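The values are calculated or read from the model by the stated rules, or taken from the named source; none is laboratory data. Just so you know, these numbers come straight off a predicted model, no measurement behind them. Counting neighbours? That spans all protein chains shown, and the Cβs are built from the backbone with ideal geometry, glycine included. Ligands, DNA and RNA are stripped out before the accessible areas are found, and what is left, the full protein with its side chains, is counted by its heavy atoms. Shrake-Rupley method; radii C 1.70, N 1.55, O 1.52, S 1.80 Å.
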Amino acid sequence: MLNIKILGMGCRNCRALEAYARQAVAELGLEAEFEEVKDMDKIMSYDIMMTPALVVNEKVKVAGRVPGKDEVKKLLAEEA
């Protein structure tokens, strides 16, 4: 099971990233647990400069931008 975290304060881009990740999980037939990380201290512990960020199994995959759904699928497949 994948552990997927969306780092950010809940802005439009954060919601879009989470939606793409959820769609990718469904399309790939993966099992995943999702967590929204909005606490700034926790976000900063991942050593990123900008949100939103996608963290999969405690590895930062993307930060500071919203990747397309196909890119998210590729990133998740690498960790599955």
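Odds and ends about this structure:
- Built amide H within the under 5 Å cut-off of Val62, gap 5+: Leu54
- Rounded to the nearest 5, the antiparallel percentage of DSSP beta bridges internal to the range 1-61 is 50%.
- Where the chain is the region considered: accessible area per residue in Å², 1.4 Å probe: 59
- Rounded tilt (10° steps) of 69-79 against the dominant C-alpha axis of the chain: 80
- Here's how it looks for Val37: its modeled amide H is under 5 Å from those of Ile6, Leu7, Gly8, which are all 5 or more places away or on a different chain.
- Rg/Rh, computed from the Cα trace of the chain with Rh as the Kirkwood radius, has the value 0.93.
- To the nearest ten degrees, helix 12-28 and the longest principal axis of the Cα atoms of the chain are 20 degrees apart.
- Residues of the range 56-80 with amide N under 15 Å of the 7 Å Cα→Cβ point at Ala19: 66-70
- Heavy-atom accessible surface of the chain: percent carbon and sulfur, 1.4 Å: 48
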